[in-house]
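Accompanying notes for the structure given below.
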Amino acid sequence: MPDLVLHPAVAMSAWDSAVAPRVLARAGELGFSHVVVSLRDFENLKAREIAVLFENHGIRPLVAGNQIAEADVSSDVQGVRKAGRDRLLRMVDFSRDIDADHIGGILYSAPGHAKQRVEEVAFMRTAQILGSVAEYAKGVQVRVVCEVVN
């Protein structure tokens, strides 16, 4: 049977520990193999609690991450790029900690940042940062998947 993935946005706008058990239970009843954990605002999420919840329901987590204006690997500002890289590394660690095997999403830029064609130097700088994050992720057995959006 093919993997079926449910994004919990059908039931909750952000990860909600009070609602998630019902979402996972229903997802399992419907035959979903995976449920997405969105890391838009993840600093206060409890990785161990989420990992146990998935384990108890026999469903695998997938992670969706993003960049934000103040932490964006595609920024022209070095400190903002560093904050974006650090944010991605924390997301990779969180993914590992909840036993997700990959993190996907728009990991290469904050939404709306690129309003025109990106210059090659900026593209290469961003690619280098993402490559270093992917190398780190490989070491902790998490795959990095970029969702390409135009």
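Enumerate the helices in the chain for which the Kyte-Doolittle hydropathy averages -1.0 or more and the C-alpha atoms extend at least 24 Å along the helix's axis, using complete DSSP H runs.
Taking the DSSP H segments of the chain (at least 24 Å long, mean hydropathy at least -1.0), we get 78-97, 120-139.
Nearest 500 deg cm²/dmol is fine: what mean residue ellipticity at 222 nm does the chain get from its DSSP H runs of n ≥ 4 alone, each adding -39,500 (n - 2.57), divided by its residue count?
Working: 4 runs with 61 residues, N = 150.
It lands at -13500 deg cm²/dmol.
If amide H atoms are built 1.01 Å from N in the plane of the peptide, which residues on other chains or at least 5 residues away come under 5 Å of the amide H of residue 143?
102, 103
If I model a spin label at residue 25 and residue 56 as a point 7 Å from the Cα along the Cα→Cβ vector, what separation in nanometres do I get?
1.0
So in the chain, what percent of DSSP beta bridges are antiparallel if you round to the nearest 5?
5
Give the long-range amide H neighbours of residue 37: residues separated by 5 or more places, or on another chain, with amide H under 5 Å away, using H modelled in the peptide plane at 1.01 Å from N.
Excluding prolines and chain starts, which carry no amide H, the hits are 62, 63, 64.
Quickly work out the residue 13-to-residue 148 label distance, labels modelled 7 Å from Cα along the C-beta direction, and quote it in nm with one decimal.
Using points 7 Å along Cα→Cβ, the separation is 3.3 nm.
In whole Å, largest first, what are the principal axis extents of the Cα atoms in the range 29-85?
47, 20, 12
How many angstrom lie between the Cα centre of the range 136-150 and the Cα centre of the range 85-123?
Here the answer is 8 Å between Cα centres.
For a label point 7 angstrom out from the Cα of residue 49 toward its Cβ, which stretches of the range 10-35 have the backbone nitrogen within less than 13 Å?
15-21
Step through the residues of the range 8-13 one at a time and calculate ³J(HN,Hα) from phi using the Karplus curve (6.51 cos²θ - 1.76 cosθ + 1.60, θ = phi - 60°), rounding each to whole Hz and writing x for Gly and Pro.
Values per residue, Gly and Pro as x: x, 4, 5, 10, 8, 6 Hz.
Laboratory data are not the source of any read-out in this text; all were calculated from the coordinates shown. Predicted model only: the values in this text are computed from it and were never measured. So basically every Cβ, Gly included, is an ideal-geometry build from the backbone, and we count neighbours across all protein chains shown.
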